[in-house]
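J.: Could you have a look at this structure, given as structure tokens, before my questions?
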Amino acid sequence: MCATGVAVDVPASATVYNSCTISRCSDGRSAASVWAGKGWPSSSGWYTWPDGRYNYTGGVYHNYDGQLPASASYHEYDVYSRAKGASRDAYRIVHGSTGAVYFSPDHYSNFYKIS
């Protein structure tokens, strides 16, 4: 449970928090701001990043386990930039068609709502 967050009722496979106060939330918010500035691209691929490196979006996040509200469709985005073609880490942002944005520091084991 997040220090000030309230857990949302979801399957046991993940926990979704209504706020984000954990370490690296600010990184998730910063990355979300850049992705929003790019119009939340919907196709997977590498995109240039302000630091001169690249960041990746994998495209559709299917929400197969039903962790996030079923009333929206989702796309997933990496948080940290790197050299084009480098391996992806576990940090993700998931953007919903409702405008909600979630930060996952552990490849979808937990979701923290950041906007």
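The values are calculated or read from the model by the stated rules, or taken from the named source; none is laboratory data. Quick caveat: nothing in here was measured; it's all calculated off a predicted structure. Note: ideal-geometry Cβ built from the backbone for every residue, glycine included; neighbour counts use all protein chains shown.
J.: Would you be able to tell me the number of residues in region 59-71 that are under 15 Å from Gly99 (Cα atoms) and without any contact (Cβ under 8 Å) to a residue 12 or more places away in the chain?
T.: 1
J.: Within region 64-107, work out how many residues are crowded, with 18+ Cβ neighbours inside 10 Å and at pLDDT below 95.
T.: 1
J.: (1) touching a strand residue (DSSP E or B) at 6+ places or on another chain (Cβ under 9 Å); (2) exposed (fewer than 13 other Cβ atoms within 10 Å of the Cβ); (3) at pLDDT 95 or above; (4) acidic (Asp, Glu): which one isn't true of Asp27, the others all being true?
T.: (2)
J.: Out of curiosity, is Tyr74 touching a residue at least 60 places away in the same chain (Cβ under 8 Å) and within 17 Å of Ser115 (Cα to Cα)? Before you say what the answer is, go through the steps one by one.
T.: Details: touching a residue at least 60 places away in the same chain (Cβ under 8 Å): no; within 17 Å of Ser115 (Cα to Cα): yes.
No, not satisfied.
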